[in-house]
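Got a structure here, written out as structure tokens. Questions coming.
Read-outs: derived from the displayed coordinates by stated rules, not from any lab. None of the values given here were measured: they were computed from a predicted structure. Cβ: placed from backbone, ideal geometry, glycine included. Neighbour counts: every protein chain shown.
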Amino acid sequence: MSGLGSSLLCCPICGAELEREPGRYFCPRGHSYDRAKEGYVHLLPANRKHAREPGDDKGMTAARNRFLSGGHYAPLGEALCGLALERLAGDGAVLDSGCGEGYYTQRVFQALAGGGRTVRLAGIDLSKPSVRLAARRLPQGEFAVASAYHLPVGGARVDLLLNCFSPLALEEFRRVLRPGGTFLYVVPGADHLWELKQVLYDTPYRNPEEEIPYGGFAYEAVVPVRYAMAVRGEALRDLFQMTPYYWKTPRAGAARLAELDGLDITTDFRIHVFRRT
């Protein structure tokens, strides 16, 4: 986390802007939150926790971190960086809602900083193991354990909002994005991981694709990112573990995958580009 003083984050109890000191965040009304040694802060009140350990667990987080660090989704990261540079012409504030372990967060920050922008960046996720990794990956950012449906960010504070495969909290996104700000929403395309699903399921299905207009946003583009990737060895196990299929695949499908040394897989993403009206 770069520097101290005012934060892009706000108090989850009273909504006041947070200040930073070594070891803690605090608001003018006396609410205080410890800053973990890795640099993140916990801003998920107990009455908003719907599980003992919400979000992705350590195993899923570690698998995704290994897989993404191997560069398998690098073309998606490159596309997001290009859009961020195009849409954020000057300095600004960036929020990654559902940041996970911070792979895309870090890449976008580095692209903007390398392009001469002065950026304030925050990332939130329900998963404490994920946020811990994100804070280690990008110490220049601010990271918080928090819910997308109760974003700890003030109204109209954000210029660029990222959401990669995470909950679509439209009411909150409308609230925090300033008029004219950009929302980049990444979803799987119809054929995403098709060959993996053919192994796991007897009757695999393609992902539905749709363009839905959302109130308060102008639809500006849908950017496809599609390519083939060769996934071998432990990377194939990591890919399986980081997807929702890991929890709902029949045993027979998981056994078929375990017998494979590798798989050539279609990667198919859609980046939906919105402008806050």
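From the P(r) of segment 58-172, could you give the percentage of C-alpha pairs in the tail past 20 Å?
37
Another question, then. Please arrange Leu151, Leu126 by counting, for each residue, the other beta carbons lying within 10 Å of its beta carbon, fewest first.
Leu126, Leu151
Also, quick follow-up: Arg24 to Glu171: FRET efficiency via 1/(1 + (r/R0)^6), r the Cβ-Cβ distance, R0 35 Å, to the nearest 0.05? Show your work: numbers first, answer last.
On the way: r = 30 Å, r/R0 = 0.85.
It comes to 0.75.
While we're on this one: Charges on Cβ only, +1 for Lys and Arg, -1 for Asp and Glu, centred on the Cα centroid of the chain; of Leu9, Leu88, Tyr25, which one is farthest towards the dipole's positive end?
The one lying farthest along the dipole's positive direction is Tyr25.
How many percent of DSSP beta bridges within segment 98-249 run antiparallel, rounded to 5? Before the final figure, lay out each step's value.
On the way: 0 of 10 bridges.
So the antiparallel bridges in segment 98-249 amount to around 0 percent.
Here is a follow-up. Run through the DSSP bridge list for the chain and note the antiparallel percent, rounded to the nearest 5.
Values: 33 of 54 bridges.
In the chain, DSSP labels about 60 percent of beta bridges as antiparallel.
So if R0 is 35 Å, what FRET efficiency would Glu17 and Ala228 give, r being the distance between their Cβ atoms, rounded to the nearest 0.05?
0.15
Give the calculated FRET efficiency between Tyr149 and Asn207 to the nearest 0.05, with a Förster radius of 35 Å applied to their Cβ-Cβ distance.
So the FRET efficiency works out to roughly 0.90.
7 Å from Cα along Cα→Cβ at both Glu38 and Ala258: what's the point-to-point distance in nm?
Each label point lies 7 Å from its Cα, and together they span 2.9 nm.
Expressed as a whole number of Å, what is the distance separating the alpha-carbon centroids of segment 173-189 and segment 207-277?
Measuring centre to centre over Cα atoms gives 20 Å.
While we're on this one: Among Gly115, Tyr103, Gly55, whose Cα lies farthest out toward the positive end of the dipole of segment 1-124, if unit charges sit on the beta carbon of Lys, Arg (+1) and Asp, Glu (-1)?
Gly55
On a straight-distance basis, which aspartates and glutamates could pair with Lys37 in a cross-link, Cα separation under 18 angstrom, same-chain partners fewer than 8 positions away excluded?
Filter leaves Glu19, Glu21, Glu101, Asp125, Glu142.
Now, a different point. Fully extended, how many nm does the chain gain between Ala74 and Asp191 (0.36 nm per residue separation, minus their Cα-Cα distance)?
40.3 nm
Let me ask you something else. Go from 0 up to the bin containing the longest alpha carbon distance in the chain, width 10 Å each, and give me the % of pairs per bin.
7, 29, 35, 22, 8, 1
Would you mind ranking Glu259, Glu142, Glu38 by Cβ crowding within 10 Å, fewest neighbours first?
Lowest count first: Glu259, Glu38, Glu142.
Sort out for me the Cα centre separation of segment 127-148 from segment 22-94, rounded to whole Å.
Taking the Cα centre of segment 22-94 as reference, the centre of segment 127-148 is 3 Å away.
Give me the distance in nm between label points sitting 7 Å out from Cα along the Cα-to-Cβ direction at Arg275 and Ala113, one decimal.
My value for the distance between the label points is 2.9 nm.
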